Structures are given as structure tokens and as C-alpha cells.
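One structure is given below, encoded as C-alpha cells.
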Ligand SMILES: NC(=O)C1=CN([C@@H]2O[C@H](COP(=O)(O)OP(=O)(O)OC[C@H]3O[C@@H](n4cnc5c(N)ncnc54)[C@H](O)[C@@H]3O)[C@@H](O)[C@H]2O)[C@@H](O)CC1
Ligand SMILES: Nc1ncnc2c1ncn2[C@@H]1O[C@H](COP(=O)(O)OP(=O)(O)O)[C@@H](O)[C@H]1O
Ligand SMILES: [K+]
């Protein structure tokens, strides 16, 4: 793995970033030199995103030519700390390159280095404006108000200025973080800049990966400024505790290539328990998700009345018809079914909350289990922690935020800090916990967290979770059959793969074209694209 790939896997908190920077400064790198270096990199990126129009037409702003965006007038927001210092260096560079720069610096007290850049910018004759309204004719805004040093709510005049700027819907490039976002949680402190681009500096800040920040972050890019890997590992250890899931990680952990000599049972036998008269489609989608995983053998237990339907959609699967309740839920599994004989069991989509004894039976078994949907609702009724305490084998829980709250009423901050919530849930249960969302978070009892950093709202659609359950199940079963020690990577692969299938499908079919069945058709193309 090269340097770029390595740093892409890391997410840091503000405290960790400070410690890492502290080591660089302690080693002798002058703070001013680092600021200069970082800000030049930002300014180069800004120039490539918003090239200067060399032969301006009489009315050049904002101009789009051959699909590129041209900027001439740039408003730079300058805060009191080093984020503001970065912004002043960017302002100076853009000024020298011929952009018309205006600076808005609504603070009188600045950090020393920021003061120096401010004085120099003034000496160059760069225009300073008093009011945010004076930036309304700009083509582009650079946001250098606050970075990872924001510690209090933004209030009063500054909050008003930010709100006004957000209403203009102009392109905004935020330096490091959109000003106003808390670095670790992505929480909006008072108000926050809505960025078009966020140029995150050095290492990915955790807050940029939290669902509630996404509305503000725009398109996020990492600007590498050569932090020595030794300084990163000195603070974070060899393997980061919070890992962004990248393509390289997936390539390393995929169950490929298959051994040349093998047979279907060596490639994992997955049992799906899903569906009811009311929710028949979920069973099909879960089955198709499992199919996409390449699992060696697939058995699907459904209510007897769904058997022929499932056979017609998944001819390769062994469909097990089960006795039904009056309402058409699975009442019991046939005696011939030996739960212990499967490499993994995925249970829940569409089973309704009538299937309590089924879930109890599945959990009493000593093989890896993934619970989703009604499987989770039943677990919540049984008592999440007390029930899972008894289990030795791997359990995977895949709640969305609503299910998470039912499972873990004692964790009341799931909306505020999804990463911490998952960490806590995994610690309390020993399970692998996957919290679904725009940025799906996965954690296990070791305290390690994985975040899927890219996805698409095209997936916010009934049935896409069922596909994920099947995919996880299939990958788990293959992992168990291959005697893999740690199964959490299999869950991580599934979540990344699912999101990428959504992205690919949305690219071809728009964000409105990704129904859950279509999603299953894009699982394999993602894989072929990867290899
Ligand atoms: N040290 C360096 O040379 C480098 C600095 N970098 C930049 O420096 C930033 C961090 O700099 P700082 O630690 O100075 O922090 P910030 O620039 O994020 O802001 C901190 C300043 O804002 C004040 N402040 C905090 N909350 C406030 C509020 N609600 N209202 C008003 N004032 C408030 C603080 O008292 C402090 O003066 C990074 O985000 C990054 O942009 C990076 O470029 C890397 C290199
Ligand atoms: N805004 C979004 N952006 C990206 N992915 C999303 C978004 N909303 C939902 N998803 C994904 O879609 C899936 C929805 O699953 P779930 O809520 O269980 O739906 P269902 O039970 O109807 O299948 C999850 O994998 C989730 O991560
Ligand atoms: K900023």
C-alpha cells in the first residue's frame, strides 16, 4: 500500500490531529513553514477547481465554458486562528495569480501568525470588506473561519453572516472543515458554512464522516501535506482505531481468488430465514443479495406458501418451506433442519415479530448469526444485552437508527454521534454492530470502527437493507468455511460493496432508478470493476 492509500484509511479526532501536529513542530518544522506549505497546496487546488479566466468577457461571472467553472472574484473569510492564517495565505496567492480578492475578517484579536499574514495582505493592498454583504458579487468564497480549533457555538453577528452567505448558494471552498462543524461529531455549533468543496488537511477529520455533517461538507477531498507516517503511527498505532473503508482494503480482504480445488460446501453454506405472507419480496431480495456474494450453498427458509415463489426467483437455492402462523409468518422450522450444520445464518427480513421462537432458536445455536429487521425487533423485545450475553459465536446486528434505538435504549446519543454509539453497542454486546445510514458505521467489541465513506441517497429505499443482509450472510458463510479468524472484515466488505453497487447503479440509472432488485444487478459489476 502506498502513502496515499494508507492515509486514506485514517480518520482522526481534533485531539489526535493536534498531537500529530505537535510532534511535527517538536521535531523542528516551523509552524509558519507548515502553514505556508499547506496553504499553497490549497491555493493550487482552488486554482484548478476554479481556473482564472484569462481573457474575461465583459460579463464573466460566474462563467461556465466547456463544462469548467471560472472564477474571478473571490471572497475570503478569515477567522482568528490558523484556519484564518491558511485563508490569508490562500488570499495572497490568488491575489498574485490575478484573482480579484476581497477579505472579510470579522475579528480584531488574531493568533500571532495570522496577524502577520493579515498585515502582509493589507500591505499588498488586498481589499478588506466590513460586511458579508460586500461579498455578494463574488464568484467563489473561501471559508477559513474555523478549522479543528472551533470550541464554542458561533453566535450573534458571525452566525448571521454565515446564514446570509448560505442563502446565496455560491460555490464555497472550506479549508479543513466547513466552519461551524465540530471536528469529531460533525455537530453544527450554532450555525455552519454550507460548503461546495471541503479541502480536508493532512488526515480525514472524523466529523466529516458523520451523517449529520454531510449536508454541509459538499464534495470532500484530502490535501496531503506529507505528515510523516511515523508521527501518525506514534499517535494512532499501526492500525487506526477508526478506519475509512477504501477500495484497497476491500481488495485485500475479498474471498478471491478461490482455491482451484474446492466444492460448494467449502465455499460456505448460508441459511436465510426470512419472509412472511405480508413481506414476501424481502425474502427474494435477501436471497438475491446472498446470491451476489458468491456463497457456495444457499438455503432459504420461508413460510410454506412462499416456497414456489422463491424457487422461481432463486432456482439455485434450496428452499425450505416452514409451517406458518395464522398470519402467514414462520411458526417453526421443519425438524429436519439442523441449525448447527450451516456456516452462517441470516435471520430477520420480513419475518414479522411473530417469529420470536425462531429468533430464540437461531441465537441458541453456536454458529455465526446475522440479525436484521424484525430479527432485531424481536431481539429488542427479548432484551438485547441479556440475550446476547449467552452467545459465544459471532453475532452481527445491522440496525438503522430506529432499530438501533429499540435495541439500545440506554444509548441515547445515536443521532448525535453515530461512531460513539456503535462503539458502545459493540462493547455492551460483544456483537459486530453495523449502523446503517448515509455513512454506514461498523464496530466490534475490540473498539475498532470502520466507516464506509462513500454512498448514495439512491439507497434510501425500501428493500435495499434486505439486499445487504443477504450479502453479509453470504460473505460470512464463506469466511467461516474458509476458517477465517476475524469475520468483521466480511461485514465491512459487504457494506462497502453494497454502497458501491448503489453508486454505480445511480450513475447509470439516476438516483431515482435504484430499486432494490436493480441494486442486486449491480453487485457483480462492482466486483468486476475492482479486479
Ligand atoms: N498549525 C499549522 O501550521 C497548521 C494549521 N492548520 C490549520 O489550523 C487550523 C487549526 O488552527 P487553530 O488551532 O488555530 O484553530 P482554528 O483556526 O480552527 O480556530 C481557533 C480559534 O478560534 C477561536 N474560537 C473557537 N471557537 C470560537 C467561536 N465559536 N467564536 C469565536 N472564536 C472561536 C479560538 O479561541 C481560537 O483562537 C486547522 O483547521 C488548519 O486549517 C493546518 O493547515 C495544518 C498546519
Ligand atoms: N441517504 C443515504 N445515503 C446512503 N445510503 C443510504 C441512505 N439511506 C439509506 N441508505 C442505505 O440503504 C440501506 C437501507 O436499509 P434499511 O433501512 O434496512 O431498509 P429496508 O429495511 O427497507 O431494506 C442501508 O444499507 C443504508 O445504509
Ligand atoms: K474552515
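For this structure, a couple of remarks:
- Taking packing as the residue-averaged number of other Cβ atoms within 10 angstrom, the listed peptides 125-134, 424-433, 72-81 run from highest to lowest as 72-81, 424-433, 125-134.
- Ellipsoid semi-axes for the stretch 170-209, based on the Cα gyration tensor and the rule √(5λ), read 15, 14, 6 Å when sorted largest first.
- Rg and Dmax, both from the Cα atoms of the stretch 345-396 and both in Å, are 9.6, 26.
- Across the stretch 427-498, Cα-Cα pairs more than 18 Å apart make up 39 percent of the total.
- In whole angstrom, the stretch 367-436 maps to an equivalent ellipsoid with semi-axes of 18, 12, 11, each derived as √(5λ) from the alpha carbon gyration tensor and ordered largest first.
- Beta bridges per DSSP with both ends in the stretch 189-345, % antiparallel, nearest 5: 10 percent
- Nearest 10 degrees, 0 to 90: helix 281-292 Cα axis against the chain principal axis: 80 degrees
- Cα gyration tensor category, rounded, prolate or oblate, for the stretch 211-285 with a/c compared to 1.5: oblate
- In this structure, residue 5 and residue 25 have a Cβ-Cβ separation that, at R0 = 25 Å, corresponds to a calculated FRET efficiency of about 0.40.
- Peptides 143-151, 7-15, ordered by how many other C-beta atoms sit within 10 Å of their residues on average, highest first, read 143-151, 7-15.
- Looking at the chain alone, DSSP beta bridges between its own residues are antiparallel in about 20 percent of cases.
- Inverse mean reciprocal Cα-Cα distance (Kirkwood Rh) of the stretch 405-531, Å: 15.2 Å
- Hull volume in cubic angstrom per residue (convex hull over the Cα atoms of the stretch 268-320): 56 Å³
- When restricted to Cα atoms, the stretch 86-236 yields an Rg and a Dmax of 15.6, 47 Å, respectively.
- Taken over the chain, the ratio of Cα radius of gyration to 2.2 N^0.38 Å equals 1.10.
- DSSP finds beta bridges in the stretch 279-425, and of those with both partners inside it, around 15 percent are antiparallel.
- Calculated log₁₀ intensity ratio I(q)/I(0) where the Debye formula runs over C-alpha points of the stretch 276-400, q = 0.22 Å⁻¹: -1.47
- Peptide ranges 328-340, 362-374, 265-277 listed from the most packed, as the mean C-beta count within 10 angstrom indicates: 265-277, 362-374, 328-340
- Over the stretch 313-362, the reciprocal of the mean inverse Cα-Cα separation, the Kirkwood hydrodynamic radius, stands at 12.1 Å.
- In the chain, helical runs assigned H by DSSP with n ≥ 4 each contribute -39500 (n - 2.57); averaged across all residues and rounded to the nearest 500, the mean residue ellipticity at 222 nm is -12000 deg cm²/dmol.
- Between the alpha-carbon centres of the stretch 414-475 and the stretch 227-283 there is a gap of 13 Å.
- Cα→Cβ-extended label distance, 7 Å offset, between residue 401 and residue 18, nm: 2.8 nm
- Length gained when the stretch residue 385-residue 483 is fully extended (0.36 nm per residue, less Cα-Cα span): 32.6 nm
Here, each number is a calculation from the coordinates, and none is a lab measurement. These figures come from a predicted structure and were not determined experimentally. All Cβ positions, even for glycine, are placed from backbone atoms using ideal geometry, and neighbour counts span all protein chains on display.
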